[in-house]
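Everything below concerns the one structure shown next.
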Amino acid sequence: MSKVLRVKGLRVRYPGGDWVLKGLDLEVGKGEVALIVGGTGSGKTTFVRAITCVASKLYHADVEGVVEIGGVKLTDESWEYVKDRIKVVPQNPRAALVYPVVYEDLVSYAHQVYKSKSLAEKAISNVSKVFKISHLLDRHVDQLSGGELRRVSIAKSMISSPDIVVLDEPLMWLDDNGVREVRSAIEILKLYDVAVVVLEHRFKRLLDLADKVLLLKDGVLNRMDGVNTGEDRAGVSITPEKPTVGERDVLLELRDVSLHVGSLSLNRISLKVKRGDKVVVYGLNGSGKTTLFKLIAGVLKPEKGRVVRRAETLYIPQVPYLYFTEGSLSEEARAVGAGHALPGLYSGRALSLDRSPFTLSWGEAVRFIVELSLSSRHELLLLDEPFSGLTYQDREEIGRRLAETSKTIIVAASSTEHLVYLKGFRLVELRDGTLTERGVVG
């Protein structure tokens, strides 16, 4: 098999820093999928920057070793060659799209590549059929589901017929339907002999598609053998009985709540949550989980019905950076009545509380904000998708912390695989605008 990507002895360090990559080796052939796993700060982003010439070109990093794409050895001057041969679909696929309407975005990029209207339209027609996005061409980008957005971004990356496609956290924020859509897109890339490099924390859902699974740790890549291929929801069962909730100690009550926002409708939703309850609201993306949480938190007001809160409530959004308002971690802690010592998730990896929250990596931000909420004065915590973008170890740790706390917890989850970290939680499902009790996660 022809090796499209060859990396030998790759070493990278940023100005004034230590070596991030310390002799990394990798070969990927046509139609192969290399799945790279690594914790936050392991160097996955630096690796992508190096093989796309961004590390030296934009970050002025020292880059040593050999990188070859299609048999061509890259140098600092290979920028123009690389930009069409290797395409990166970023962690946030919305960042790959410039124009508000899908077709406008694709045709603009295709014109840049082919300098011809007819060739550009032909390229768009081809990728639209292959990736089954023809029905999305007239849609506004903000109307796309997570899976649709990923599929459009991957289709856009194929307009220039690259040799390699890099998918950075392609399953982040996706529900079960979205995961299936991304899996289908990867299968198509393999079918068309494109070399695929996937960087993913949530890797178990992609193991069967990977030709090689590698762990990036301590600046080098090593094969992962004997990886558990079981899906994350293995071992999860739902006990079909409704927990009894008395009137005493009820901290939250939704009484026939209805709200219509655009095409989204929540209809006569009722829910009781008592002190110390642990609840998970499961629903696919677009089902209204975030809208429901905003109703509970008082950010939105119901058109009908009533929301009764009998405890201080803290809402943690899906994107943690949207929560931060202060200049340092210590100021964030003071704002919610938390102490300076934030134990638990930071055992062995403490953060300086003088640090700005906006300098945290995604994983650091999520872990900090969960610990912050557990140390806060608030009794009722609403956590919107707290497992997105985290390693399996971090998910287990967060699940344990949520189960152990005496606080009342409501978690939103869009994938059944996250339920394994929430055993003992009441499961309620949000579908078609209504909320249904499903039992207890076991």
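Figures for the structure shown
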quantity	calculated
Whole-percent carbon and sulfur share, accessible surface of the chain, 1.4 Å	48
Under the Karplus curve 6.51 cos²θ - 1.76 cosθ + 1.60, θ = phi - 60°, whole-Hz ³J(HN,Hα) for segment 15-21, x wherever Gly or Pro sits	x, x, x, 7, 5, 7, 9
The chain, helix-only ellipticity at 222 nm - DSSP H runs n ≥ 4, -39,500 (n - 2.57), divided by all residues, nearest 500	-8000 deg cm²/dmol
Value of Rg to Rh for segment 285-442 (Rh from inverse mean 1/r over Cα pairs, i.e. Kirkwood)	0.95
The chain: most fluctuating residue of VAL411, VAL299, VAL107 per GNM, C-alpha cutoff 10 Å	VAL299
Using distinct alpha-carbon pairs, which all enter the 1/r mean, Kirkwood radius of segment 51-160 in Å	15.2
Helix 102-114 axis, angle to the chain major axis (alpha carbon atoms, nearest 10°)	20
Mean accessible surface per residue for the chain, computed with a 1.4 Å probe while every protein chain stays in place, in Å²	44
Tail beyond 19 Å, pair distance distribution of segment 107-226 (Cα, percent)	51
Calculated over the chain: convex hull of Cα atoms, volume per residue (Å³)	149
Ranked by how many other beta carbons lie within 10 Å on average, peptides 322-335, 377-390, 27-40 from highest	377-390, 27-40, 322-335
Length-normalised contact order for the chain - Cα pairs under 8 Å, 6+ apart - percent	17
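The values are calculated or read from the model by the stated rules, or taken from the named source; none is laboratory data. Computed from a prediction, not measured in an experiment: that's the story for all the values here. Heads up, the Cβs are rebuilt from the backbone with ideal geometry, glycines too, and the neighbour counts pull from every protein chain shown. The protein model used for the area step is the full one, side chains on, heavy atoms only, and it has no ligands, DNA or RNA in it. Shrake-Rupley method; radii C 1.70, N 1.55, O 1.52, S 1.80 Å.
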